[in-house]
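Before any comments, here is the structure.
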Amino acid sequence: MSIFHKGEIIQGIIHPSGPGGGQASEERNWSLLFSLINWKRLNGPIQNTELLLIKEVKEKQLDKYMDNLEPYDIIKVSVEFPEAKEDNNTCKLIKVISYQDSDNELSAIAAELKKPVIVEDDFFNKLYYNRSFNNWETKIEFNGEAANLILEADNNNSFENSKKFAKQILKNHKKWEKNIQDFAVSKLLKLKNDTWLDEEEEKVSAQEFIDKMKVESVIMFHDGEFEFFYNDGDLFWGHSIQIRGNIKKGLDDADIVG
């Protein structure tokens, strides 16, 4: 368990992903969590390593924090850092002193962070960086359907690998789409007809099932794993159809999500 020393006042830029909250099943209180993407002690130098802030709160307090902590805002807070140096990327939030603070250095960084980051690519045309989720995104056409492509980007190598694998799939999109359709039918058609039929709805054929599936998004990971999300055409009453697999090993799971 970390030992924390007395509080310090710091300023920082709220991470683009904003705040979050969680509750363990056996706990009554909630945990507020959010990161500062850049921060500084008062009159100190800018720290470019992310700092995670944690605070145990009641549910109503969590709602207040969630409403007031906005991405890219500069805040002033009182925190407690752990004494162990290896834990210095996490601290306890004591209180928020100012939700809308000012600092020339941090304001300049926040303004720069808000600017769109776009990479030109011969295959994808343009890729757009999403700071909130640390990934790259673009629009693609997959077997005649418009879809969102999301590429994992934990670091430059993972981004390049994700991009490489996505190109391989898109260059063979007809083969992959046929495999995905057949796989979805084999895994989900019986479930549809046994459990998800409306009153007086007739059983759905394999072709009817395929015709209702419309691709919406593709997520590609650096290790060749991928996820396809399809609009279900009301097969499962508005849930999404998720198909998972690996570019080398093929398809391995089909599920209903959302």
Residue with peak Gaussian network fluctuation, the chain [Cα springs, cutoff 10 Å], from GLU83, GLU26, GLU208: GLU26
For region 118-257, rounded, prolate or oblate, judged on the Cα gyration tensor with a ≥ b ≥ c (square roots of eigenvalues), a/c < 1.5 rounded, else prolate if a/b > b/c? prolate
Three-way shape label, region 137-192, alpha-carbon gyration tensor, a/c 1.5: prolate
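May I ask you to list the trypsin sites (Lys or Arg not before Pro) in region 49-103 that are in a DSSP loop and have at most 12 other Cβ atoms within 10 Å of their Cβ? All intermediate terms of the calculation are to be shown ahead of the outcome.
Values: sites: LYS55, LYS58, LYS60, LYS64, LYS76, LYS85, LYS92, LYS95; in loops: LYS58.
Passing both the DSSP loop test and the Cβ count: LYS58.
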Run the paramagnetic zone check for GLN100: 7 angstrom along Cα to Cβ, then residues of region 58-79 with backbone nitrogen under 18 Å. 64-77
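What is the fewest-to-most order of TYR72, TYR230, TYR128 by other Cβ atoms lying within 10 Å of their Cβ? Intermediate values should be presented prior to the final figure.
Working: TYR72 16, TYR230 22, TYR128 13.
Starting with the residue having the fewest Cβ neighbours, the order is TYR128, TYR72, TYR230.
List the trypsin sites (Lys or Arg not before Pro) within region 171-231 that fall in a DSSP loop (any state other than H, G, I, E or B) and whose Cβ has at most 13 other Cβ atoms within 10 Å. Before the final figure, lay out the partial values.
On the way: sites: LYS171, LYS174, LYS175, LYS178, LYS187, LYS190, LYS192, LYS203, LYS212, LYS214; in loops: LYS203.
Filter output for region 171-231: LYS203.
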At the level of C-alpha centres, the distance separating region 37-104 and region 164-240, in angstrom, is 42
So I have (1) 16.5; (2) 18.3; (3) 12.7, and one of them is mean projected area of the Cα convex hull in nm² calculated from this model. Which one is it? (2)
Straight-line reach check, LYS249, cutoff 25 Å on alpha carbons, 8 or more apart in-chain or any other chain, hits among lysines -> LYS163, LYS164, LYS167, LYS171, LYS174, LYS175, LYS178, LYS187, LYS190, LYS214
Fluctuation leader among ASN231, ASN246, ASN156 - the chain, Gaussian network, Cα springs under 10 angstrom: ASN156
GNM on the chain, C-alpha springs below 10 Å: top fluctuator among ALA147, ALA206, ALA184? ALA206
To the nearest 20 Debye, how big is the dipole of region 118-257 about its Cα centre, given +1 on the beta carbon of each Lys and Arg and -1 on that of each Asp and Glu? 700
Extending each Cα 7 Å along its Cβ direction at LEU33 and HIS239, get the distance between those two points in nm, one decimal. 2.6
Add -39500 (n - 2.57) for each DSSP H run of 4 or more in the chain, then divide by its residues: what number comes out at 222 nm, to the nearest 500 deg cm²/dmol? -8000 deg cm²/dmol
Compute the length gained on full extension between ASN155 and LYS214: take 0.36 nm times their separation in residues and subtract their Cα-Cα distance, giving the result in nm to one decimal. 18.1 nm
Please work out whether region 10-162 counts as rounded, prolate or oblate from its C-alpha gyration tensor, where a ≥ b ≥ c are the square roots of the eigenvalues and a/c under 1.5 means rounded, while otherwise a/b larger than b/c means prolate and anything else oblate? prolate
Given a cut-off of under 8 Å on Cα pairs at least six residues apart, what relative contact order in percent is computed for the chain? 13
J(HN,Hα) series, region 29-46, from Karplus relation 6.51 cos²θ - 1.76 cosθ + 1.60, nearest Hz, glycine and proline x: 8, 10, 10, 8, 9, 7, 10, 9, 6, 9, 7, 7, 6, 4, 6, x, x, 5
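Between ASP223 and LYS64, take the C-beta separation as r, use R0 = 51 Å, and let me know the FRET efficiency to the nearest 0.05. The partial results should precede the final answer.
On the way: r = 40 Å, r/R0 = 0.78.
FRET efficiency, ASP223 to LYS64: 0.80.
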Please rank MET66, MET213, fewest neighbouring Cβ atoms within 10 Å first, as an exposure proxy. MET66, MET213
Can you compute 3J(HN,Hα) from phi for each residue in region 136-141, using the Karplus curve 6.51 cos²θ - 1.76 cosθ + 1.60 with θ = phi - 60°, rounded to whole Hz and x for Gly and Pro? 10, 9, 7, 9, 10, 10
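Every number in this text was worked out from the coordinates using simple rules, so none of it is lab data. It should be emphasised that the depicted structure is a prediction, and the values quoted were computed from it without experimental measurement. Backbone-built Cβ (ideal geometry, glycine too); neighbour counts: all protein chains shown.
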